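Asker: Sharing a structure below in structure tokens format, with a few things to ask.
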Amino acid sequence: MRITDIKTLVVNAQLRNWVFVRVETDVPGLYGWGEGTLEWKTRAVVGCLDDFKPLVLNHDPTRIEFLWQIMYRHSFWRLGMIGTTAMSAIEQACWDIWGKSLGVPVYELLGGRVRDKVRMYTHLGMGEMQAVYETSSAEPLIERAQAVRSKGYRAMKVVTVPISEPLMGLPAVRHFARLIGKLREAIGDEVDIMIDFHGRTTTGQAIEYIRAVEEFHPFFCEEPVPPEQPDALLEVRRSVRTPIATGERLATRWDFRRVCELQACHVLQPDICHCGGLLEARKIASMGEMYLMGIAPHNPNGPVANVVALHFDLATPNFLIQEDMAGDVPWRFDVVQTKLRSENGYWLPLDEPGWGIEINEAEARKHPFEQEILAQRAYHADGSVAEW
């Protein structure tokens, strides 16, 4: 079996352009799908996929580690997030091909299931962009949280940390704590709350914010400081009682190595569309397992990424909980057809070969590439540039 072509299909989903990748083979009717969605870098990822194409053509798609090494090492220049995202998409598609060729779901190729279902969490509005990123007062926060709970979820994430200066005054801290307190009161103790800091704060301010909400027992606080600062992350972890998570903006095991060696967090969040693919995510998870770290994969991406994450979660021993934004656009599962089912806040296994999906390319082409909404442009009150 040999790879004969790599094709990309870009689907605009407002904040994101989903980048679907189809790897074709010389076996009639046998191909695989992967996803390389990376907000605000869509054109760069598509270009990188074109660059990888001549490196992998005519190779056996089931030699996944071999192909990974080719893409990583024969690029010579070490790859950042754009390059590893393109790698991830090709690598995922090869797993789909291998599973289909053997007639088994991908998780069987990873050693089989270690659990019967996968615990989920979602965002306000089920991932609809304005609900996620523009809920900064109590009334809509509670309304949207109760709507999530009514869908069966028993865990949710909120982005309520203010766009922050290096240090903020008491009003900002009290407003943030008031929101989380109202949220906890409204949804009760049975629903876990995760707080995404988006790397908006410095070490001292992150500690101040987290200590202000510790009494409400967040499940974890995510990326309290920028991702390139593992020593600062360690200081936060040592200064608060709340578990700390990070990893969505790290790629490959080498980015995660220092975080693990420092034991700078409790939860790792590799994104299987960004970190280098399924096999690389497994290596990251194994490294985390040595340090008693849970794995909560980052996944605000498209519906192919949903299913890739499901297979990973089913086969990964230290998996903790899975992010899901299945409500970002109402036509999500018109584009990607799957038997993916959820029940009481859990995804259930798929038994179909490969990923168990098919893409309706005609539906996909109804949503061609558009410039993504530039929601990440954030500024402080004085006009200086802020972390989004």
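Readers should treat all values here as calculations from the given coordinates under stated rules, not as data from a laboratory. Everything numeric here is computed off the predicted structure, so don't read it as measured data. No Cβ is skipped: glycine too gets one built from the backbone with ideal geometry, and neighbour counts run over all protein chains shown.
Asker: Which of rounded, prolate, oblate describes the range 90-150, given a ≥ b ≥ c as roots of the alpha-carbon gyration tensor eigenvalues and a/c under 1.5 marking rounded, otherwise prolate only if a/b is larger than b/c?
Answerer: prolate
Asker: Among Gly169, Gly294, Gly112, which one shows the biggest mean-square fluctuation in a GNM of the chain, springs joining Cα atoms closer than 10 Å?
Answerer: Of Gly169, Gly294, Gly112, the most mobile in the Gaussian network model is Gly169.
Asker: In debye, nearest 20: dipole of the chain around its Cα centre with unit charges on the Cβ of K, R (+) and D, E (-)?
Answerer: Computed about the Cα centre, the dipole is about 320 debye.
Asker: Another question about this same structure. Which whole-Hz couplings ³J(HN,Hα) result when phi for each residue of the range 370-381 is put into the Karplus expression 6.51 cos²θ - 1.76 cosθ + 1.60, θ = phi - 60°, listed in order with x for Gly and Pro?
Answerer: 9, 4, 4, 4, 8, 6, 7, 7, 10, 9, 6, 4
Asker: Follow-up question, since we're still on this one. Let me make sure I get this right: for the range 3-104, a, b and c are the square roots of the gyration tensor eigenvalues over alpha carbons, sorted descending. Under 1.5 in a/c it's rounded, otherwise prolate if a/b > b/c, else oblate. Which is it?
Answerer: Since a/c reaches 1.5 but b/c is at least a/b, the shape of the range 3-104 is classed as oblate.
Asker: On alpha-carbon atoms, Rg over Rh for the chain using Kirkwood Rh?
Answerer: Using only Cα positions, Rg/Rh for the chain is 0.96.
Asker: Which one of Phe369, Cys265, Leu141 has its Cα pushed farthest toward the positive end of the charge dipole of the chain, where Lys and Arg give +1 and Asp and Glu give -1 at the Cβ?
Answerer: Result: Cys265.
Asker: Measure nothing fancy, just the Cα-based angle from helix 203-213's long axis to the longest principal axis of the chain, in degrees from 0 to 90, nearest 10.
Answerer: The answer is roughly 70 degrees.
Asker: Let me ask something else about it. Net charge around Arg2, counting only other residues with Cβ within less than 9 Å of its Cβ (Lys, Arg = +1; Asp, Glu = -1)?
Answerer: -2
Asker: Still on this structure, I have one more. How large is the charge dipole for the range 242-364, taken about the Cα centre, if only the Cβ atoms of Lys, Arg (+1) and Asp, Glu (-1) carry charge, to the nearest 20 debye?
Answerer: Using Cβ point charges on Lys, Arg, Asp and Glu, the range 242-364 gives about 520 debye.
Asker: Calculate for the chain the 222 nm mean residue ellipticity that helices alone would give, adding -39,500 (n - 2.57) per DSSP H run of length 4 or more and normalising by residue count, nearest 500 deg cm²/dmol.
Answerer: For the chain, the value works out to -12000 deg cm²/dmol.
Asker: Compute the acute angle (0 to 90°) between the alpha-carbon long axis of helix 278-290 and the principal axis of greatest extent of the alpha-carbon atoms of the chain; round to the nearest 10°.
Answerer: The helix 278-290 is inclined about 50 degrees to the chain.
Asker: Something else: In the range 139-171, which trypsin sites (Lys or Arg not before Pro) are in a loop and have at most 10 other Cβ atoms within 10 Å, using DSSP for the loop call?
Answerer: none
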